[in-house]
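Data block below; observations after.
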Amino acid sequence: MLALVFPVLNALGGVATAILVYVGGLSTAQGMVTIGAWYLFIQSLDKFFFPMLNLSAFWAQVQSGLSASERVFALIDAESAVEQIGARPIPQLTGEIQFQEVNFSYIKEDQVLEKFNLHINAGETIALVGHTGAGKSSLARLIARFYEFQAGRILIDGHDIRTFDLSQYRRRLGIVSQVPFLFSGSVIENICYACASNVSTPEVEQIAHQIGNGEWLDTLPQGLDTQVGERGSRLSMGQRQLVSLMRVLVQKPSIFILDEATANIDPFTEWQIQQALNMILANTTSILIAHRLSTVKAADRIIVLDHGRIIEEGNHVKLIKLGGLYAHLYNTYFRHQSLEYVNKRQWLEEQPANLGD
Ligand SMILES: Nc1ncnc2c1ncn2[C@@H]1O[C@H](COP(=O)(O)OP(=O)(O)OP(=O)(O)O)[C@@H](O)[C@H]1O
Ligand SMILES: [Mg+2]
């Protein structure tokens, strides 16, 4: 339609001018109008058509603007999926989390959690492992109160999560999602957008330098002022993860949720990420949805989920001894990431005679 507007208007304008030239010419020849008036009229016609053309282009823009705003308003008017029954102020949290007989499903027939019980102590670090679709991310989403559960209770610091002032509560949560989202802007803007305004640039720089002696900053062309591009496209996956961990470090939350990406990361970046993680874990109750061996090992307690149920729980040594799903996951997946395993493989590859083993 837009492509048609200009040619059609131009053609009409052309035809109108042609008629004016012809009829006007005849009229001047008969002496009905003077030649000067005729010429002036044709000249001023252009001045009339130009704004008309502009208006029609503007109209097309208004139309696309209207349809876009319709979508925005639909989003603003959307009913919240979760219902709060109170507005308890949350100035501080110790981070104790309890799931009591929680039932949860996204769609009615498909129960994700059934009579789910879990107690996470304040300051504890737990790792959630399990096959895909086991319900790990769902647990994290319930703690962040992104979805409504159907039965049971979730208590944070002994208080029902439904009674909280949600925006204050979420300010106490640090979340690193499976795909870290960065906004177009500089690295420091991305780190600071969530934090209170009282965090100064030197403070951010100081924290940044604590991670891997600040070497990750040297790989950024302008350090903290580097532009990250739309959705962080100019940074590597590892750098994006470091920036999202920095966000949490600066924010200093009470509860930290990490949905770890499966993407392969080189050992050096992994070491830097591990350092940032350790700094966060020291001060928070942490829920790590772990895909990397080093993350699993950082946890105080490992919880193995299967189809929304806890089937095993304990530390690494205990679970390996048990010989259940964790031991299976470890042997098929995690073990290949251990330094011991990598070294052994390298050693075997360097000795052609041993390759057959
Ligand atoms: N938004 C959603 N709507 C409907 N069903 C969903 C939604 N998100 C997840 N599910 C379903 O809930 C179940 C648990 O999903 P969840 O995302 O918690 O798995 P997960 O353990 O995090 O898996 P992964 O390791 O692949 O991330 C799955 O059966 C999944 O199909
Ligand atoms: Mg998940």
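Return yes or no: is residue 125 open to solvent by 30 Å² or more (accessible area, probe 1.4 Å) and either on the phi < 0 side of the Ramachandran plot or of a type in the set (S, T, N, Q) (or both)?
Criteria not met by residue 125.
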**OP:** Would you point out which residue out of 83, 101, 114, 109 is open to solvent by 20 Å² or more (accessible area, probe 1.4 Å), over 19 Å from residue 301 (Cα atoms), touching a Lys or Arg at 6+ places or on another chain (Cβ under 8 Å) and within 16 Å of ligand 1 (Cβ to nearest atom)?
**Re:** 114
Original post:
Regarding residue 139, is this residue assigned by TED's automatic domain parsing to the domain that holds residue 305 and in a strand (DSSP E or B)?
Top reply: no
Subject >> Check on residue 284, buried (at least 20 other Cβ atoms within 10 Å of the Cβ) and either in contact with a helix residue (DSSP H, G or I) (Cβ under 8 Å, 6 or more places away or on another chain) or among the β-branched types (Val, Ile, Thr) (or both) >> reply: yes
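Every residue, every condition in (1) open to solvent by 80 Å² or more (accessible area, probe 1.4 Å); (2) within 15 Å of ligand 1 (Cβ to nearest atom); (3) without any contact (Cβ under 8 Å) to a residue 24 or more places away in the chain, yes or no:
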{"residue": "64", "(1), (2), (3)": "no, no, yes"}
{"residue": "68", "(1), (2), (3)": "no, no, yes"}
{"residue": "75", "(1), (2), (3)": "yes, no, yes"}
{"residue": "92", "(1), (2), (3)": "yes, no, no"}
{"residue": "135", "(1), (2), (3)": "no, yes, no"}
{"residue": "147", "(1), (2), (3)": "yes, yes, no"}
{"residue": "161", "(1), (2), (3)": "no, no, yes"}
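Within 17 Å of the chain's Cα centre (by Cα), away from ligand 2 (no atom under 16 Å from the Cβ) and crowded, with 20+ Cβ neighbours inside 10 Å, is that true of residue 272? Spell out how you get there, then give the answer.
Numbers: within 17 Å of the chain's Cα centre (by Cα): no; away from ligand 2 (no atom under 16 Å from the Cβ): yes; crowded, with 20+ Cβ neighbours inside 10 Å: yes.
Here the answer is no, as residue 272 does not meet what is asked.
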Original post:
Among all residue pairs at least 6 apart or on different chains, which show Cβ distances below 9 Å where the first residue, located in the stretch 1-22, is farther than 15 Å from residue 53 by Cα and the second is open to solvent by 80 Å² or more (accessible area, probe 1.4 Å) and modelled with pLDDT under 85?
Top reply: 17/46
Original post:
Somewhere in the stretch 11-20, is a residue assigned to a loop (DSSP other than H, G, I, E, B) and either within 30 Å of residue 167 (Cα to Cα) or open to solvent by 90 Å² or more (accessible area, probe 1.4 Å) (or both)?
Top reply: no
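Let me confirm something: among 82, 5, which residue is in contact with a Ser or Thr (Cβ under 7 Å, 6 or more places away or on another chain) and at pLDDT below 90?
Details: 82 fails: in contact with a Ser or Thr (Cβ under 7 Å, 6 or more places away or on another chain).
That would be 5, the only listed residue that is in contact with a Ser or Thr (Cβ under 7 Å, 6 or more places away or on another chain) and at pLDDT below 90.
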Original post:
Considering the stretch 321-346 alone, what residues qualify as being open to solvent by 60 Å² or more (accessible area, probe 1.4 Å) and at pLDDT 75 or above?
Top reply: 321, 322, 328, 331, 332
Subject >> Failed item, numbered, when residue 177 is tested on (1) under 19 Å from residue 80 (Cβ atoms); (2) polar (S, T, N, Q); (3) within 16 Å of ligand 2 (Cβ to nearest atom) >> reply: (1)
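The values are calculated or read from the model by the stated rules, or taken from the named source; none is laboratory data. For clarity, every value in this text was computed on a predicted model and none was experimentally measured. Virtual Cβ from ideal backbone geometry, glycine too; neighbours counted across all protein chains shown. These area figures cover heavy atoms from the full protein model, side chains too; ligands, DNA and RNA do not enter into them. Shrake-Rupley method; radii C 1.70, N 1.55, O 1.52, S 1.80 Å.
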